[in-house]
Amino acid sequence: MNVEKIMQDLTAKHPGEKEFLQAVDEVLESIVEVYNSNPQFEKAKIIERLVEPDRIFTFKVVWVDDKGEVQVNIGYRVQFNGAIGPYKGGLRFHPNVNLSMLKFLGFEQIFKNSLTSLPMGGGKGGSDFNPQGKSDAEIMRFCQAFMLELWRVIGPDTDVPAGDVGVGGREIGFLYGMYKKLAREHTGVLTGKGMTWGGSLVRPEATGFGALYFVQHMLDKAGKELKGKRVAISGFGNVAWGAATKTTQLGGKVVAISGPDGVVEIPNGMNEKMIDYMLDLRASNKNIVAPFATEFPECKFIAGKKAWHIKCDIALPCAFQNELNGDDAKELLANGTWAVAEVSNMGCTPEAIKAFQEAKILFAPGKAVNAGGVATSGLEMTQNAMHINWTAEEVDSKLHGIMKNIHHACVEHGVEKDGYINYVKGANIAGFMKVAKAMLEEGII
Ligand code: GLU
């Protein structure tokens, strides 16, 4: 494989798909060596086949807002690769959603899902619908209109969507209700369901909890521990909340959370009340963190600054792709940060990752760190298929085991000659090998 040539061809075919091309480039750079040492891959054109989605659906979503006005959005589902199982991945509702973003997320999902060791292929979907400021009734009408199209192409053994940015328990409920009505079946076609109608315990907190289990193993391997360490978290959504909860439970100090309006500095670390308040903030649907400092006077709000502005040992990006750039990385390194774990998908830009790796600090990519969310979705699918419910302890211990194995796989494939663990390389190779082998065995399709 010639990475440069493949990237040139892909860029010519999909000009402007910035995030997607960035995600592919990172994977290709990591796997080129193992790929080229295995001639079967080249012969079967595994990479050329892997970078094109199996299929993409786009559809119009028409709904009526509370004022009686007709609204039109675009809906998408990218079924990227189904070599190791049914397509699996979330739905993102955000005004910035476009095909490049969903293709990047779907591509990442292939390797992430493979890392979980559960039988799930990679997929992603969503809409440019903006849930901010919408009433419950508007959200319901939108979700129903969205599912009116999507239901034809998904199924419990075909493609199983879930939540992502802008899609939480409420949206999954409305989507599921409509699917059930159309398909006349009560199956595990979506994950992240409510606990009384097929959801799995621990799924809501699984991404954040799983991330911290991964971080624990990473620190342990480096001879460090989380206890007493200063942790900066970006975001205040479901994932950030799970990460803050587990960090605090494990004795770490969450000294910053941030939103689009700025960062809240929490000098003595978050307490339980503050963690609960994150949920209120989220529910207020205003997308700001400033009220946090009014509610808790010991905290300080700094407008326009990111979480990376606050001195910390460990940085956990929990919001969006490319939210931590080269300048942020410099600021973190200057402040003595020695570990960064992406909890968001592709949370760091290539420049930031390069800076961390050159400084030889601990750095782990989203597809490994945040895989606990989709892994627990996989456990939800298993429970649905078996028509049983596991206890929270059972799910949590399975999640913990999966994160431990993912960490192990990253180390196995990521140790450099000088002993530095390149978690990006490790995650990409481990995720890729399983999918590539399945593609070889399943023939040219
Ligand atoms: N959206 C989450 C992710 O990026 C979860 C997907 C799922 O549970 O299917 O992995």
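Of all residues in region 92-124, which are within 11 Å of the ligand (Cβ to nearest atom), among the basic types (Lys, Arg) and not in a strand (DSSP E or B)? Within region 92-124, 112 is the sole residue that qualifies. So, residue 157, is that one away from the ligand (no atom under 13 Å from the Cβ), in contact with a helix residue (DSSP H, G or I) (Cβ under 8 Å, 6 or more places away or on another chain) and not basic (Lys, Arg) or not? So residue 157 does not fit the description; no.
Count of region 52-79 residues, restricted to those that are of a type in the set (Gly, Ala, Ser) and either surrounded by fewer than 17 Cβ atoms within 10 Å (Cβ to Cβ) or in contact with a Gly (Cβ under 6 Å, 6 or more places away or on another chain) (or both), is 1.
So is residue 388 surrounded by fewer than 21 Cβ atoms within 10 Å (Cβ to Cβ) and of a type in the set (Val, Ile, Thr) or not? So residue 388 fits the description; yes. Residue 374 satisfies every condition listed in (1) of a type in the set (Val, Ile, Thr); (2) touching a residue at least 24 places away in the same chain (Cβ under 8 Å); (3) surrounded by fewer than 20 Cβ atoms within 10 Å (Cβ to Cβ) except (3).
Among the conditions (1) in a loop (DSSP other than H, G, I, E, B); (2) more than 16 Å from the ligand (Cβ to nearest atom), the only one that residue 145 does not satisfy is (1).
Restricting region 160-196 to residues that are among the basic types (Lys, Arg) and touching a residue at least 24 places away in the same chain (Cβ under 8 Å) leaves a set whose member that is nearest to residue 127 (Cα to Cα) is 170.
Matching residues to (1) more than 16 Å from the ligand (Cβ to nearest atom); (2) crowded, with 24+ Cβ neighbours inside 10 Å; (3) closer than 23 Å to residue 219 by Cβ:
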position	(1), (2), (3)
287	yes, no, no
291	yes, no, no
302	yes, no, no
307	yes, yes, yes
312	yes, yes, yes
325	yes, no, no
331	yes, no, yes
340	yes, yes, yes
344	no, yes, yes
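The C-beta contact set for region 85-107 (first residue over 26 Å from residue 382 (Cβ atoms), second residue within 12 Å of the ligand (Cβ to nearest atom) and modelled with pLDDT under 95, distance under 6 angstrom, 6+ apart or interchain) comprises 93/166; 94/165; 94/166. Among the conditions (1) in contact with an Asp or Glu (Cβ under 6 Å, 6 or more places away or on another chain); (2) modelled with pLDDT under 95, the only one that residue 235 does not satisfy is (1).
Per-residue answers, yes or no, for (1) crowded, with 19+ Cβ neighbours inside 10 Å; (2) polar (S, T, N, Q); (3) in contact with a Gly (Cβ under 7 Å, 6 or more places away or on another chain); (4) modelled with pLDDT of 95 or more:
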{"site": "22", "(1), (2), (3), (4)": "no, yes, no, yes"}
{"site": "29", "(1), (2), (3), (4)": "no, no, no, yes"}
{"site": "44", "(1), (2), (3), (4)": "no, no, no, yes"}
{"site": "81", "(1), (2), (3), (4)": "yes, yes, yes, yes"}
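Against the list (1) surrounded by 18 or more Cβ atoms within 10 Å (Cβ to Cβ); (2) assigned to a helix (DSSP H, G or I), the condition residue 404 fails is (1). Determine whether region 129-142 contains at least one residue that is in a helix (DSSP H, G or I), within 12 Å of the ligand (Cβ to nearest atom) and free of Cβ contacts under 8 Å to residues at least 60 places away in the same chain. Looking through region 129-142, none of the residues is in a helix (DSSP H, G or I), within 12 Å of the ligand (Cβ to nearest atom) and free of Cβ contacts under 8 Å to residues at least 60 places away in the same chain. Reported count of residues in region 174-192, each being assigned to a helix (DSSP H, G or I) and either at pLDDT below 95 or among the hydrophobic types (A, V, I, L, M, F, W, C) (or both), is 5. On inspection, residue 403 fails the criterion of being under 22 Å from residue 105 (Cβ atoms), modelled with pLDDT of 95 or more and within 13 Å of the ligand (Cβ to nearest atom). The one condition from (1) away from the ligand (no atom under 15 Å from the Cβ); (2) closer than 22 Å to residue 226 by Cβ; (3) not polar (S, T, N, Q) that residue 387 does not meet is (2). Flag not set for residue 76, criterion: within 24 Å of residue 423 (Cα to Cα) and of a type in the set (Phe, Trp, Tyr).
Looking only at residues in region 244-285 that are of a type in the set (Asp, Glu) and touching a residue at least 24 places away in the same chain (Cβ under 8 Å), the one that is farthest from residue 219 (Cα to Cα) is 261.
Of the residues screened, residue 74 is not one that is within 19 Å of residue 111 (Cα to Cα) and β-branched (Val, Ile, Thr). Tally up the residues in region 345-387 that are charged (D, E, K, R) and closer than 28 Å to residue 204 by Cα, please. Looking only at that region, the number is 2.
Taking helices (runs of 4 or more DSSP H) as the structural unit, those lying wholly within region 211-329 and holding at least 1 residues that are under 22 Å from residue 361 (Cβ atoms) and of a type outside the set (Asp, Glu) correspond to 238-249. For residue 257, state whether it is under 24 Å from the mean Cα position of the chain (by Cα), crowded, with 24+ Cβ neighbours inside 10 Å and not hydroxyl-bearing (Ser, Thr, Tyr). Against the criterion (under 24 Å from the mean Cα position of the chain (by Cα), crowded, with 24+ Cβ neighbours inside 10 Å and not hydroxyl-bearing (Ser, Thr, Tyr)), residue 257 qualifies.
Could you list, in sequence order, all residues of region 77-91 that are outside any loop (DSSP other than H, G, I, E, B), out of contact with any Pro (no Cβ under 7 Å at 6 or more places or on another chain) and away from the ligand (no atom under 11 Å from the Cβ)? Within region 77-91, 77, 81 qualify.
The values are calculated or read from the model by the stated rules, or taken from the named source; none is laboratory data. Since we're looking at a predicted model, the values are computed, not measured. Don't worry about glycine lacking a Cβ; one is built from the backbone with ideal geometry, like all the others, and counts go over all protein chains shown.
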